[in-house]
1. Please list the non-local residues whose amide H lies under 5 Å from the amide H of residue 6, H modeled 1.01 Å from N, same-chain partners needing a gap of 5 or more.
2. Long-range amide H contacts for residue 286: which residues qualify at under 5 Å (H placed 1.01 Å from N, peptide plane, sequence gap of 5 or more or a different chain)?
3. What does the convex hull of the Cα atoms of the chain come to per residue, in Å³, rounded to a whole number?
4. With contacts defined as alpha carbon pairs under 8 Å and 6 or more residues apart, what's the relative contact order of region 63-118 in percent?
5. Compute for region 1-43: radius of gyration divided by Kirkwood radius, i.e. Rg/Rh, restricted to C-alpha atoms, rounded to two decimals.
6. Skipping prolines and chain starts, which residues have an amide H placed within reach, meaning under 5 Å, of the one on residue 322, given they are 5 or more residues away or on another chain?
7. Can you give the local net charge around residue 278? Use residues other than it whose beta-carbon is closer than 12 angstrom to its beta-carbon, Lys and Arg +1, Asp and Glu -1.
8. Evaluated at 25 °C with a viscosity of 0.890 mPa s, what Stokes-Einstein diffusion coefficient in µm²/s does region 68-202 have when Rh comes from the Kirkwood expression over alpha-carbon pairs?
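What follows draws every value from the coordinates through simple rules; no lab data is involved. These figures come from a predicted structure and were not determined experimentally. Cβ sites come from the backbone with ideal geometry, for glycine too, and all protein chains shown count toward neighbours.
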Amino acid sequence: MVTKCIKVTPPVFTGLDEAANALKNGKLVAFPTETVYGLGANALDESAVKSIFAAKGRPSDNPLIVHIADISTLKLLVTTIKPEAEKLIHAFWPGPLTLIFEKSPNVPMVTTGGLNTVAVRMPDHPVALELINKAGVPVAAPSANRSGKPSPTLAEHVMEDMDGRIPYIIDAGPCRVGVESTVLDVTENTPVILRPGGVTFEEIKNTIGQVKQYKAEASVEMINSPKSPGMKYVHYAPKGKVIVVSGKKNVFEWINKKTSEDEKNSIKAVVVAADENIANYSTGIKMSYGSIGNPQEAAANIFRIFRDCDRLGAEKIYIEAIPEYGIGYAVMNRIKKAAGGKVVYLE
Ligand code: AMP
Ligand code: MG
């Protein structure tokens, strides 16, 4: 299959009609959102949705997020919209918040990975909204990477993973947020964050008063039936070993010692650190994730950094921990996953 790349620069949407028609007619289209690039199919078309799982190499019990461009479509997909959900929609849509609802019979089981609930969000990206509008159908879209690879934040990343596997990629440049949406289960009495993301715990709490963070690590239940099916699969792992280092004073010394040992042993090491600290590192290839005071910069850069590490053949990747406030929490969640859950804590 030849993959056609269509470059779109809002507010001009030339070229989208062809992709929107293909989408409506059961074909796959990768498209930009504010979080990461998505791999879209008509959410109501079973065989189109099946081809997403095939193109990604994704297990079929890992459900997809359905993307919509207007609220009337939501009513078609779900049975009830509770008052809390309405408040959240009002506050954060379009935006990086995915809500889990009881699904209506209109939504095929393949889309929800066999669950009776459906995940829905309205992306805050003019190209995504225009594409969904033009297609005139809700669009099921996981991140447009091959399963197990970092989510794509540039069209080039999608090309790396999907060239020859899908008919269309729409390129509108880098994604603004850079980590995936927050997934919030609003079917529970107290809504539960199943995956931290672009909208923070604090923002949700301020809007509806109460919210819980699902702690996968602490849950035995997780092993057999994770609340969010995606949790049981390996995610975001670069090929090199990721070592996250947290601490106040000794981080530079610790990492410098390790990278000079690596150098002696001919191990290719990368150091990922804040702009403000990067000059403190002496050996290894240095990559900055952005300013320490602005976790949004780290969010926008982290998946690209993982892919760059793979391209360079990095064998070890030392990452300075990012302060876990605001979106920094979601960034650290992705980094910790890449590190197999481990963090080196220094005094
Ligand atoms: P991705 O599409 O790669 O961004 O991943 C979507 C995430 O949303 C996965 O972690 C899914 O497990 C989660 N998700 C989607 N639908 C549901 C649902 N109905 N219930 C719980 N989690 C869901
Ligand atoms: Mg994904």
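1. 169, 170, 171
2. HN-HN under 5 Å from residue 286: 271.
3. On the way: hull volume 47.1 nm³, N = 347.
Spread over its residues, the Cα hull of the chain gives 136 Å³ apiece.
4. Working: 48 pairs, mean separation 27.5, N = 56.
Contact order relative to length: 49 percent.
5. Numbers: Rg = 10.6 Å, Rh = 11.2 Å.
Rounded to two decimals, Rg over Rh is 0.95.
6. Result for residue 322 returns nothing.
7. Values: positive: 286; negative: 275, 276, 320.
Once all neighbours under 12 Å are counted, the net charge is -2.
8. Numbers: Rh = 15.9 Å.
Translational diffusion coefficient: 154 µm²/s.
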